[in-house]
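Written out below as structure tokens is the structure these notes cover.
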């Protein structure tokens, strides 16, 4: 592994897709929160008989959010990503973490997001563990 600093252009090439993905997840989570879950009129419409077709998916979102499901899912997937080192799990942990932070599960979701990001940074920088070429411990002089 080279110790040369990464160029700004190369850094932007690595970061740009992740930022775009994060913006999409945040936009979807914000839309779910402010257009589907929180509006009082939608909640009242779901109390009527017969309830509109979209009340089932909305109620599922509410139940998962109230139970802390997004945060627990993000935390669990983030821990699995750290243990297994599997990049898709890290991406899923980040997405669930962002989703959970917006949808009322900030505590556990933030840790899941952190664990996912730690795994992604480690994968993107090529840091996979100790370098076999470098001696571990104290240097002999």
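Just so you know, all these numbers are worked out from the coordinates, no wet-lab data involved. Every value quoted in this text rests on a predicted model; they were computed, and no experiment measured them. All Cβ positions, even for glycine, are placed from backbone atoms using ideal geometry, and neighbour counts span all protein chains on display.
Brief remarks on what is shown
- Exposure proxy ranking, count of Cβ atoms within 10 Å, fewest first, for 8, 58: 8, 58
- Shape category assigned to the stretch 9-125 from the gyration tensor of Cα positions, a/c cut at 1.5: prolate
- Ascending count of other beta-carbon atoms within 10 Å, so fewest first, for 21, 7: 7, 21
- Cα shape, the stretch 1-40, gyration tensor, a/c 1.5 rule: prolate
- Likely footprinting exposure, 115, 34, fewest C-beta neighbours within 10 Å first: 34, 115
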